[in-house]
1. Are any of the residues in segment 35-55 touching a Gly at 6+ places or on another chain (Cβ under 9 Å), open to solvent by less than 60 Å² (accessible area, probe 1.4 Å), part of a loop (DSSP other than H, G, I, E, B) and touching a residue at least 40 places away in the same chain (Cβ under 8 Å)?
2. Would you say Thr17 is on the phi < 0 side of the Ramachandran plot, of a type in the set (Ser, Thr, Tyr) and under 12 Å from the mean Cα position of the chain (by Cα)?
3. Output the residue which, of all residues in segment 56-76 that are out of contact with any strand residue (DSSP E or B) (no Cβ under 8 Å at 6 or more places or on another chain) and in contact (Cβ under 8 Å) with a residue 12 or more places away in the chain, is nearest to Val11 (Cα to Cα).
4. I'd like the full set of residues that are touching a residue at least 24 places away in the same chain (Cβ under 8 Å) and either of a type outside the set (Ser, Thr, Tyr) or surrounded by fewer than 12 Cβ atoms within 10 Å (Cβ to Cβ) (or both), limited to segment 23-34.
5. Just to check your reading of the model, which residue among Val7, Val11 is out of contact with any strand residue (DSSP E or B) (no Cβ under 8 Å at 6 or more places or on another chain) and either among the β-branched types (Val, Ile, Thr) or at pLDDT 95 or above (or both)?
6. Here's a check for you: in segment 30-57, which residue that is modelled with pLDDT under 95 and of a type in the set (D, E, K, R) is farthest from Glu5 (Cα to Cα)?
7. Ser10 - would you say it is in contact with a His (Cβ under 7 Å, 6 or more places away or on another chain) and surrounded by 13 or more Cβ atoms within 10 Å (Cβ to Cβ)?
Amino acid sequence: NTPFETVDPSVDLNHCTITVSRDKRGALRYTLKDNNSNTGTFVDNVELTPRERRIITDGTLFTIGATSIILRASDSEE
C-alpha cells in the first residue's frame, strides 16, 4: 500500500485502488478500480462503473476528484 496525499477536498480517503501484478509473460500490469467514491474515478474522461476494473498502462490519464494523474510505469523490473 502506498498512500497518495493531496489537498483536493473532492478526493475520498480511500478513493481508488491500483493493483500491481504480473501478466503471463512477467510484465507488470496495473489495474485501477474505484472504491465507491463520492466523485468517481475517470480514465481518459470516462467514469469507471461500479465494480469495474480497468487495466491502465504507462501514460494513461486518470482523474480522481479534481486531481488528474498520469501513470508513469517504472522501466525497471525490481
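The values are calculated or read from the model by the stated rules, or taken from the named source; none is laboratory data. The structure displayed is predicted, hence computed values, not measured ones. Cβ placement follows ideal geometry from the backbone for every residue including glycine, while neighbour counts extend to all protein chains displayed. The accessibility values were calculated without ligands, DNA or RNA, using every heavy atom of the protein model including side chains. Shrake-Rupley method; radii C 1.70, N 1.55, O 1.52, S 1.80 Å.
1. Scanning segment 35-55 turns up no residue that is touching a Gly at 6+ places or on another chain (Cβ under 9 Å), open to solvent by less than 60 Å² (accessible area, probe 1.4 Å), part of a loop (DSSP other than H, G, I, E, B) and touching a residue at least 40 places away in the same chain (Cβ under 8 Å).
2. Numbers: on the phi < 0 side of the Ramachandran plot: yes; of a type in the set (Ser, Thr, Tyr): yes; under 12 Å from the mean Cα position of the chain (by Cα): yes.
Answer is yes for this residue.
3. Filtering segment 56-76 for residues out of contact with any strand residue (DSSP E or B) (no Cβ under 8 Å at 6 or more places or on another chain) gives 58, 65-67, 72, 75-76.
After this cut, where a residue has to be in contact (Cβ under 8 Å) with a residue 12 or more places away in the chain as well, the list is 58, 65-67, 72.
Details: Asp58: 22, Gly65: 5, Ala66: 7, Thr67: 8, Arg72: 20 Å.
Applying the filter and picking the extreme gives Gly65.
4. Pass one, segment 23-34, residues touching a residue at least 24 places away in the same chain (Cβ under 8 Å): 26, 28-32.
Scanning segment 23-34 gives Gly26, Leu28, Arg29, Leu32.
5. On the way: Val11 fails: out of contact with any strand residue (DSSP E or B) (no Cβ under 8 Å at 6 or more places or on another chain).
Sole residue among the options that is out of contact with any strand residue (DSSP E or B) (no Cβ under 8 Å at 6 or more places or on another chain) and either among the β-branched types (Val, Ile, Thr) or at pLDDT 95 or above (or both): Val7.
6. Across segment 30-57, the extreme among qualifying residues is Arg51.
7. Values: in contact with a His (Cβ under 7 Å, 6 or more places away or on another chain): no; surrounded by 13 or more Cβ atoms within 10 Å (Cβ to Cβ): yes.
No.
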